[in-house]
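Right, one structure below, let's go through it.
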Amino acid sequence: MKRLLSPLRHPLTKGLDLDDPRTTVLRRRIIREKGFLSKVYREWCVRIRDSVPAGPGRVLELGSGGGMLREFMPELLTSDVLALPRLDVVAMGEALPFGAATLKAIVMTNVFHHVPDVRAMLREAARVTRTGGRVVMIEPWNTPWSRLVYRGVHHEPFDPAVRDWALAPGGGPLGAANGALPWIVFERDRRRFEEAFREWRLASIAPFMPLSYILSGGVSLRVQFPPVTYAFIRRVEESLPQRLFAMFAIVVLERTSPTDAPSGHSDRHEAI
């Protein structure tokens, strides 16, 4: 299937290495120029913005290079592991240049499943995020439908069966990945996560969007459904059972007080 899709690859990034900064810059352009895809990203931005705690405080985005979240959150601090235009910070999530408890939230889109050491990233996020602050992420999710798509069509590895949380060795900061990693950490190994990271409470997991990203063609393919169909398609896919068909999930972690015991439950959680 991946070979059959080769003629449909977007000409702007076809043949470019994922870890080449030019690829991210061009993908930023693709997201804005493809109308259907732009609507997907704008919906993601609204979901992330609305999940950030209210009130004053700094919000850091990891992996800002190709996104548009700053259009929805003008005060946002942007960062990436690559030196790209219009960034505030160049840093990895495992080593952030911020003092303890100085951030209200850390947000990201399709970043967590690229992090080579998620334990170190979660510890570092806990260090810089104040009590009551949040980590908000939109990530690939593991369902029967998504496994077919990610394994059959997508260019990144997707392996829900790996035992550890580490990525396979090799590859650069963007090339190395396991799309199933967020599901592994926060769903399959949830008890393990809660025992290891008592400073985080898993506030919610909301699987969603079975079809829209596929129909947008993503950042890799030049094809897309007409943007005018977006609202109708979203209504259709929201009627589907997300535990079977969702391709993504928005995951919200909340920073607990040092004196808080682990909660052992979520405000809203749909088990897969």
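The values are calculated or read from the model by the stated rules, or taken from the named source; none is laboratory data. Just so it is clear, the model here is predicted, and its values are computed rather than measured. No Cβ is skipped: glycine too gets one built from the backbone with ideal geometry, and neighbour counts run over all protein chains shown. With ligands, DNA and RNA removed, areas are computed over all heavy atoms of the protein, side chains included. Shrake-Rupley method; radii C 1.70, N 1.55, O 1.52, S 1.80 Å.
Structure above, values below:
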read-out: Residue check, residue 219 within 21 Å of the chain's Cα centre (by Cα), over 20 Å from residue 156 (Cα atoms) and of a type in the set (A, V, I, L, M, F, W, C); value: no
read-out: Residue in region 159-173 that is open to solvent by 40 Å² or more (accessible area, probe 1.4 Å), touching a His at 6+ places or on another chain (Cβ under 8 Å) and either among the acidic types (Asp, Glu) or touching a residue at least 60 places away in the same chain (Cβ under 8 Å) (or both) present; value: yes
read-out: Residues (buried (at least 18 other Cβ atoms within 10 Å of the Cβ) and aliphatic (A, V, I, L, M)) located in region 174-210; value: 174, 176, 177, 180, 181, 184, 185, 202, 203, 205, 206, 209
read-out: Residue that is farthest from residue 100 (Cα to Cα) [pool: residues in region 110-160 that are of a type in the set (Phe, Trp, Tyr) and assigned to a helix (DSSP H, G or I)]; value: 145
read-out: Residue that is nearest to residue 53 (Cα to Cα), among those in region 74-84 that are assigned to a loop (DSSP other than H, G, I, E, B) and open to solvent by 30 Å² or more (accessible area, probe 1.4 Å); value: 75
read-out: Matching option when the condition is at pLDDT below 95, touching a Gly at 6+ places or on another chain (Cβ under 8 Å) and in a helix (DSSP H, G or I), among 22, 28, 32; value: 28
read-out: Selection count, region 85-117, where residues are out of contact with any Asp or Glu (no Cβ under 7 Å at 6 or more places or on another chain) and surrounded by fewer than 16 Cβ atoms within 10 Å (Cβ to Cβ); value: 9
read-out: Residues of region 44-69 that turn out to be charged (D, E, K, R), free of Cβ contacts under 8 Å to residues at least 60 places away in the same chain and open to solvent by 40 Å² or more (accessible area, probe 1.4 Å), as a count; value: 3
read-out: Selected residue [under 17 Å from residue 80 (Cα atoms), in contact with a Phe, Trp or Tyr (Cβ under 7 Å, 6 or more places away or on another chain) and of a type in the set (Ser, Thr, Tyr)] from 143, 109; value: 109
